[in-house]
Amino acid sequence: MPRYRDVVLFFTLATLWGGSFVAIEVGLNYYPPILYAAFRFDVAALVLVSYVLLTESGPLPRTRGDLAAICFSGGLSVAANNSLLFVGQQYTTSGIASITYSLVPIATAAVAAAWIGGSDLDARGVLGVVLAFVGVGLVAQPDPANLAGGVTIGVGLISVGVLAVAVGSVGLRTVETSFSSIALTGWAMLFGALLIHGLSVGLGETQQAPVADLPAVASLLFLGVLSSAVAYTIYFTLLDRLGAFEINLVSYVVPVVATVAGAVLLSEPVTPLTVVGFAVIVVGFGLLKRHAIADEVPRLLSRVGGLF
């Protein structure tokens, strides 16, 4: 039974994270992008911090390492990343945004190699990173006559957000914390929400209360509760059970969910070049992680075979 539970949780996580890109598209019709990102993490922080305070014996940050981790995660992975994602997604479809976001494991490996050293980044690994960014270029479909507009600028902003996630993730590896990963995520969301609100005010966005229209309420609750608080709890649960390699595979299921959901629910177009670009990114991931694939795929296949 636990084996089936992990499979269900894996695809639930992919569905929640894939659906988040569609929810962003819906909510951007009602809010300025950065304010909308702030509202997302207001809701997420309220849910997750409340959960942590009620269920954990040591939920509060106590050490310099805890504060540094909150700064890395809240400042980069939450605030910088989501501000860029929400602004960038004004120019893209849900599918294109999610495919660009699938660079996260690749960018993280590259940043780790540059910062703390990484065994994956040999010549073939470098080729994998290059291929991945070529794939993003294909997804962006740049127009040489309009490089500063359209999908190109959206993909560019989201790609910078991906790098922020990568730097934040690697930065976390350099500090020691005294509380759980879920507690860290909750406090990082709270810190990130405050930073995003400050950025929204600083950039002169129109400040407003949450909108009461059903699509606006549904998209905000989906983002704040399901694809943030619930999804990250699932993520850390599966990380403990499955390991980093298997949970990273969710990054390549999420774009499928987002692209299909965007096409069905929002009538977003899916071009052949978008599909080719995603395939090139997956090939890049395969080159970068070929040693892990060789080690983990037999175990993964055995796990799947054990379900039947």
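The values are calculated or read from the model by the stated rules, or taken from the named source; none is laboratory data. Bear in mind that the values here come from a model prediction, so they are computed numbers and not experimental data. Reconstructed Cβ throughout: ideal geometry from the backbone, glycine too, with neighbour counts over all protein chains shown. The protein model used for the area step is the full one, side chains on, heavy atoms only, and it has no ligands, DNA or RNA in it. Shrake-Rupley method; radii C 1.70, N 1.55, O 1.52, S 1.80 Å.
Structure values in brief
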| read-out | value |
| --- | --- |
| Residue check for Val253: in contact (Cβ under 8 Å) with a residue 60 or more places away in the chain, open to solvent by 20 Å² or more (accessible area, probe 1.4 Å) and touching a Gly at 6+ places or on another chain (Cβ under 7 Å) | no |
| Which numbered condition Ala68 fails, given (1) in a helix (DSSP H, G or I); (2) crowded, with 19+ Cβ neighbours inside 10 Å; (3) of a type outside the set (Phe, Trp, Tyr) | (2) |
| Among the candidates Gly125, Gly88, Gly74, residue that is part of a helix (DSSP H, G or I) and in contact with a Phe, Trp or Tyr (Cβ under 8 Å, 6 or more places away or on another chain) | Gly74 |
| Helices (runs of 4 or more DSSP H) wholly inside region 230-308 that include at least 2 residues being modelled with pLDDT of 75 or more and touching a Pro at 6+ places or on another chain (Cβ under 8 Å) | 272-288 |
| Breaking point among (1) of a type outside the set (A, V, I, L, M, F, W, C); (2) in a helix (DSSP H, G or I); (3) open to solvent by 20 Å² or more (accessible area, probe 1.4 Å), for Asn81 | (3) |
| Tally of residues being open to solvent by 20 Å² or more (accessible area, probe 1.4 Å), at pLDDT below 95 and not in a helix (DSSP H, G or I) across region 15-62 | 6 |
| Flag for Val264 being exposed (fewer than 13 other Cβ atoms within 10 Å of the Cβ), out of contact with any His (no Cβ under 9 Å at 6 or more places or on another chain) and more than 26 Å from Leu35 (Cα to Cα) | yes |
| In region 87-123, residue modelled with the lowest pLDDT [restricted to those that are more than 18 Å from Gly135 (Cα to Cα) and of a type in the set (Val, Ile, Thr)] | Ile116 |
